[in-house]
Amino acid sequence: MSEKSLKQQIQNLKKHNTRLARLARDARSKLSAALDGTGLCLWQLDVPSGKLIIYNRRWGSMLGYQPKELSAQFEVWREHLHPDDKQNVLDAFYDHLHGKTPFYEALHRMQHKNGTVTWVLDRGRVSEWDEHGNPLKVTGTHIDMTKEKQYEEQLALLANHDPLTGLANRHALIKHFTQLKAQGPLCVAFIDLDDFKMVNDTFGHRSGDELLIQLSQRLRDTCPPDAVVGRLGGDEFVLLLPYPLNSLLINQTAHRCLNAALTPFELDNGQAQVGASVGIDEVQPQDDFINALRRADQSMYQIKHTGKNGVAIGQTLLSVSRSGTHP
């Protein structure tokens with residue numbers, strides 16, 4: 001081959017190499033853009049060196065870091081694992097590396113730059129081995145799951161809490177009832193507000209909602225720490241009190257809740273006043289939540305039929321006037 005032909009061939013190879021490099025850059029840029037759009041980070045770990053190749057910028061940004069602010073090393077990734085999750089994540093990773101599992105997968109928290117946490121779903125698999133069968137490279141993905149976890153938490157909150165007041169809803173009350181009944185004596189208190197319709201008619205439903213929110217906070221503050229405060233809906237509230245019916249705490253809590261309802265409410269468009277009828281009964285061994293609630297409701301209606309604004313504990317009526325107080 002002549003020197004001229006050789007030079008021409010070298011020149012053609014250089015052009016071809018330049019074209020291939022440009023195509024590789026374009027492909028990588030498109031891959032990075034596509035991955036960033038899905039919230040997915042593609043990575044590859046060189047096991048012997050601990051070096052990470054990150055194919056797009058999502059990994060650093062999902063933790064609040066600028067490009068190249070974090071060193072792409074296995075140790076850096078390990079340092080950012082949440083302390084409560086670190087051991088489980090590393091166990092899952094090394095189990096796969098040692099051939100105990102067909103792939104690596106872990107849903108866990110990582111520490112964000114601002115001190116919060118980012119939920120990440122990690123998946124990976126050994127993609128290259130040396131001649132002795134030792135893993136050389138692991139290829140996988142990180143997916144930011146923070147929004148999904150927040151959504152799950154919101155769903156869990158809605159599933160167990162009244163959306164207006166944040167108190168336990170019927171579903172949560174039934175679960176608490178089952179747990180508390182198994183632990184010992186338990187009473188159910190049924191609270192129905194008196195004259196609440198007048199508040200809605202006079203001040204409007206928005207102010208009525210505000211009154212319910214304020215009352216809910218008063219009930220939380222009034223009840224013992226081990227009591228459960230719930231709302232069935234409307235102006236009906238339920239307390240689960242883990243004490244026998246003859247306990248002084250039952251009497252005290254009932255009257256404090258009554259006084260919490262009797263105390264005037266400062267609303268945006270004026271001062272409102274309501275009352276409450278409270279009925280309490282003790283849970284019997286054969287009771288489910290519905291039966292126990294029904295008897296507390298029957299006790300409450302003794303107050304409704306005798307002038308409202310009072311407490312009935314079992315079959316005992318302890319009426320309290322609007323101006324009265326009780327310890």
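The values are calculated or read from the model by the stated rules, or taken from the named source; none is laboratory data. None of these values were measured; they are calculated from a predicted model. Glycine gets a Cβ as well: all are built from the backbone with ideal geometry, and neighbour counts include every protein chain shown. These area figures cover heavy atoms from the full protein model, side chains too; ligands, DNA and RNA do not enter into them. Shrake-Rupley method; radii C 1.70, N 1.55, O 1.52, S 1.80 Å.
Free of any GluC sites (Glu not before Pro) that DSSP assigns to a loop and that have at most 12 other C-beta atoms within 10 Å, the longest stretch within the chain is 132-327. For HIS161, the solvent-accessible surface with a 1.4 Å probe is about 60 Å², rounded to the nearest 10. The angle separating the long axis of helix 146-160 from the principal Cα axis of greatest extent in the chain is about 20 degrees.
For region 267-307, the relative contact order works out to 46 percent when only alpha carbon pairs closer than 8 Å and six or more residues apart are counted. Of the trypsin sites (Lys or Arg not before Pro) found in region 44-124, those in coil by DSSP whose Cβ has at most 14 other Cβ atoms within 10 Å are LYS68, LYS100, LYS113. Each Cα pair under 8 Å and six or more residues apart adds its separation to the average, and for region 67-213 the resulting relative contact order is 11 percent.
Going by accessible surface with a 1.4 Å probe and the largest first, LYS137, LYS15, LYS147 read LYS147, LYS15, LYS137.
When MET198, MET300, MET145 are compared by accessible area at a 1.4 angstrom probe, the order from most to least is MET198, MET145, MET300. Sequence-distant contacts, meaning Cα pairs under 8 Å at least 6 residues apart, place the relative contact order of the chain at 12 percent. For THR202, the solvent-accessible surface with a 1.4 Å probe is about 90 Å², rounded to the nearest 10.
Relative intensity of region 111-228 on a log10 scale, I(q)/I(0) at q = 0.10, 0.20, 0.23 Å⁻¹, equals -0.60, -1.16, -1.27, per a Debye sum over C-alpha point scatterers of equal strength in the absence of solvent. Cα centroids of region 261-310 and region 125-144: 64 Å apart.
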